Amino acid sequence: MNIHEYQARDLLEKFNVPVPAGIVVDSPDQAAKAFDDLANNHGSTLAVVKAQVHAGGRGKGGGVKLVRSADEAKAAAQAILSKPLITPQTTAEGVTVHKLLVAAGVDIQKEYYLGIATDRAAGNLTLIASTEGGVEIEKVAAETPEKILREPIDPTAGLLGYQARKVAFLLGFKGKQVGQAAKIMTNLVKLCLATDASLAEINPLILTPPDADNPDGRVLAIDAKINFDDSALFRHPDIQGLADPNEEEADEARANSFGLTYIKLDGNIGCLVNGAGLAMATMDIIKLHGQEPANFLDVGGSASEEAVTEAFRIILADDKVKGVLVNIFGGIAKCDTIANAIVTAAKEVGFTVPLVVRLEGTNVEPARKILQAAQADIPTMTVGSDLTDAAKKITAAVA
């Protein structure tokens, strides 16, 4: 599950990671008032107006603007809210911006990257840090991998003090900066372990220039991204409450309510499969035979007939879908359950596009009899003898 930057900043503050003051707004007039509030209460003469969407690259799309007055804040908010935001991480149509963060601006002497991610190979969380802040970490890893530092995190002990100080020194922090940076790293790890976060990024983590109150400068987090493990959300109702329905694909949310895993893609062949691995293989074989999958849809091992029928509704509601491939290897999800759902979907939804069905496993013979009996009512349906045969038939049907 993803959350917005302003929500991530709130979590950082809760775990004693310092961030500049910020105010969430949803209108140009509120943005102007927020600028005045920051100026009056925090002495800010500069602020940044930032679109709050679940997509990176906001600055490249015009979703981040520096402002120096309430009028500028109002104009910036109007510009961002008035049209879809298109970034390298959105579709060509862009996304609608519903909320903005107006944050106090700070002087920056140096930018760093700090993140915590799940290391699948090592089976633990890993602290990732770099002197190349403000840049996509993937680009740094590809072009200058020697600038990336990694430190394993013990799931029971967290990040130990000596580890945090070592990374701080390697990043070039000096004097009181070391303690500040080490504390931020330690507290970020505490946040991840306490909330079951699968990813937490501060990019950039910044060092401010020295001033009278802070002769060594201050280390601050001025942008944050946090993702959470969906499988652990049942332990965190407070985190579940941070979900923003406006940022979810409507069909994905609808599928989730039926216990289905659905991700919309750009192809023209709808897929209904049981098991994530089999779903990936199904998409691969569709591409192998020259077409593109329209979705990833895993009905899981215990899907009911009602859920599978809903899955067909979701697939067929996509105007891009020109054909549907059903690939079921029956285990806990029995083949006859899928077959009955196909018949039900044909009656309730109707199949106007080619449908190719491949079934194997538990109760496959009764399932085949069900489909054979319904053939007259589902004229667009054909049966594949195996996955390769099914893939060839559906790709040929939509060619």
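Structure summary
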quantity: Test: residue in the stretch 293-308 that is surrounded by fewer than 17 Cβ atoms within 10 Å (Cβ to Cβ), closer than 24 Å to Ile370 by Cα and among the acidic types (Asp, Glu); calculated: yes
quantity: Residue that is farthest from Thr352 (Cα to Cα), among those in the stretch 250-309 that are assigned to a helix (DSSP H, G or I) and hydroxyl-bearing (Ser, Thr, Tyr); calculated: Ser257
quantity: The stretch 68-111, subset small (Gly, Ala, Ser) and free of Cβ contacts under 8 Å to residues at least 40 places away in the same chain, residue surrounded by the most Cβ atoms within 10 Å (Cβ to Cβ); calculated: Ala70
quantity: Lone qualifier among Leu114, Leu191 - being modelled with pLDDT of 95 or more, surrounded by 22 or more Cβ atoms within 10 Å (Cβ to Cβ), among the aliphatic types (A, V, I, L, M) and in contact with a helix residue (DSSP H, G or I) (Cβ under 7 Å, 6 or more places away or on another chain); calculated: Leu114
quantity: Flag if Asn246 is crowded, with 17+ Cβ neighbours inside 10 Å, under 16 Å from the mean Cα position of the chain (by Cα) and of a type in the set (S, T, N, Q); calculated: no
quantity: Pick from the stretch 364-389, criterion farther than 19 Å from Phe312 by Cβ and either of a type in the set (Phe, Trp, Tyr) or not in a helix (DSSP H, G or I) (or both), ranking: farthest from the chain's Cα centre (by Cα); calculated: Ser385
quantity: Hits in the stretch 28-62 - residues which are small (Gly, Ala, Ser) and modelled with pLDDT of 95 or more; calculated: Ala31, Ala32, Ala34, Ala39, Ala47, Ala51
quantity: Elements of type helices (runs of 4 or more DSSP H) contained in the stretch 122-205, each with 3 or more residues being in contact (Cβ under 8 Å) with a residue 40 or more places away in the chain, touching a Phe, Trp or Tyr at 6+ places or on another chain (Cβ under 7 Å) and under 17 Å from Ala221 (Cα atoms); calculated: 176-195
quantity: Filtered residues of the stretch 1-55 (kept if charged (D, E, K, R), touching a helix residue (DSSP H, G or I) at 6+ places or on another chain (Cβ under 9 Å) and not assigned by TED's automatic domain parsing to the domain that holds Pro84); calculated: Lys14
quantity: Test for Arg58: is it under 14 Å from Ala103 (Cα atoms), out of contact with any Gly (no Cβ under 7 Å at 6 or more places or on another chain) and outside the structural domain of Ala224 (by TED's automatic domain parsing); calculated: no
quantity: Selection within the stretch 310-329 - among the aliphatic types (A, V, I, L, M), outside any loop (DSSP other than H, G, I, E, B) and under 25 Å from the mean Cα position of the chain (by Cα); calculated: Ala311, Ile314, Ile315, Leu316
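The values are calculated or read from the model by the stated rules, or taken from the named source; none is laboratory data. Keep in mind that this is a model prediction, so the values were computed, not measured. Reconstructed Cβ throughout: ideal geometry from the backbone, glycine too, with neighbour counts over all protein chains shown.
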